[in-house]
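To start, the structure under review is shown below, and the notes come after it.
Each value in this text was obtained by applying a stated rule to the coordinates, not by laboratory testing. All values reported here derive from a predicted model rather than from experimental measurement. Counting neighbours? That spans all protein chains shown, and the Cβs are built from the backbone with ideal geometry, glycine included.
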Amino acid sequence: MPLNYADSDLKLSLKTSKVLIVDDQLLSIIVLKKILSKHFIVNTANSGEEAVEICKSNTPDIVLLDISMDGICGIETCLKLKTTTQTQDIPVIFVTSFENQEEDCWEAGAVDFIQKPINPETLYRRVRAHLTIKLQHDLLSQKVFLDDLTKVFNRRYFDTHINKIQLSALRENTEYALLLMDIDYFKQYNDIYGHVEGDVVLHLVAQTIANSLQRPSDFVARYGGEEFVVVLPHTNEEGARCVAEKIKNNIYGLGVLHKYSEFEFVTISIGGATLLQSDEGNMDILQRADKKMYAAKAQGRNTVCF
Ligand code: GH3
Ligand code: MG
Ligand code: MG
Ligand code: MG
């Protein structure tokens, strides 16, 4: 089956795509915005610094970038976006009157280069073409990296991303924390209420874990059957304990009846660990979290253990 949007889905997604225009000249912003806001949602920034902040807090689907600006220039802005995990997948198109800097733009990681003065139709068509590629890339990533049942990331996503997180934490000499969690008495839950109801609870628990996370860099993945793993970059043990307690309480707080649990409701046991600078592969932190999860089970379940 071809992995493609239905035409109507693609049109709808394009209409709600976010374009960030970055230019220090108000007039340029007005001209570009006038052309593009007929087709897309447009946001603007008048410096590289502001653009980087916006890309982190309100991620656009594409960035149109001027080269010559006060403060950090366009090329540096692009390099910053491309070397930050959170923003590196946002396509960047340079829009400039410079003729001799094209090479630098490609080197900085741009996907395209549009020469001023602007031809409105060319601008719109090129932005549209790059947005279409971006949307198809996002759709493909979703299919590859999302768990169908729970709609959180799958094991493949975890395996792919944990290495990057571990390497950057070791390089920057910072911490990160990992929480491994397993629903309590879930076999019995299925036995009593049936697998269909069990699947509903799995989805609800996964979404509750996801909603308990606050930073954009935190994520949850389904690790196996009814086990989930949460990754908390730049977080020490104290911070990770807070997140773990919050998750545990939020799951209990759902109030999903479980006749054969001593807690009366569905609960979760959580084991946590943080990176040690002596760690080599990421199996070390995983194994520590796994041991702690079993300790949480042994301590009576519905418990956080570090
Ligand atoms: P414990 O408190 O020790 O974790 O007990 P448990 O019953 O949860 O233990 P165990 O890990 O052995 O059981 C996991 C069960 O989770 C087995 C299976 O019935 C259920 N499970 C795993 N994946 C799925 C799924 O995709 N859907 C449903 N409905 N149930 C699942
Ligand atoms: Mg300028
Ligand atoms: Mg289990
Ligand atoms: Mg279990």
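Tabulated values for the structure
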read-out	value
Cα-based convex hull volume of the chain per residue, rounded to whole Å³	158 Å³
Proximal lysines relative to K151, as straight alpha-carbon distance under 20 Å, when same-chain residues fewer than 8 apart are discounted	K143, K248
T96, T83, T59 arranged by Cβ crowding within 10 Å, fewest neighbours leading	T83, T59, T96
23 Å Cα-Cα reach of K34 towards lysines, excluding residues that sit fewer than 8 places from it in its own chain	K11, K15, K18, K116, K134
C-alpha long axis of helix 48-57 to longest principal axis of the chain, angle in °	30 degrees
Cα-centred dipole magnitude for the chain, charges only on beta-carbon of K, R (+1) and D, E (-1), debye, nearest 20	740 debye
Charge dipole (the chain, unit charges on Cβ, about Cα centre) - positive-most of N173, G224, W106	G224
When the convex hull of its Cα atoms is projected in every direction, mean area for the range 57-153 (nm²)	7.4 nm²
DSSP-assigned coil residues among trypsin sites (Lys or Arg not before Pro) in the range 1-95, each with at most 14 further Cβ atoms within 10 Å	K38
Inverse of mean 1/r across different Cα pairs in the range 54-108, Kirkwood, Å	11.5 Å
³J(HN,Hα), Karplus 6.51/-1.76/1.60, whole Hz, each residue of the range 18-23, x for Gly, Pro	9, 10, 9, 9, 10, 7
Extreme residue, positive dipole direction of the range 237-306, given options L257, A298, I270 (C-beta unit charges)	L257
Charge dipole magnitude, Cβ of K and R +1, D and E -1 - the range 1-147, Cα centre, debye nearest 20	720 debye
Estimated dipole of the range 126-200 in Debye, rounded to 20 [Cβ of Lys and Arg +1, of Asp and Glu -1, Cα centre]	740 debye
Longest DSSP-loop-exposure-free segment, GluC sites (Glu not before Pro), the chain, at most 11 other Cβ within 10 Å	100-261
Packing-based exposure ordering (other Cβ within 10 Å, fewest first) of I67, I247	I67, I247
Dipole of the range 100-201 [Lys/Arg +1, Asp/Glu -1 at C-beta], most positive-end residue of H195, T150, L139	L139
For the range 133-241, the fraction of alpha-carbon pairs in successive 5 Å shells from zero, as %	2, 11, 19, 21, 19, 13, 9, 4, 2, 0
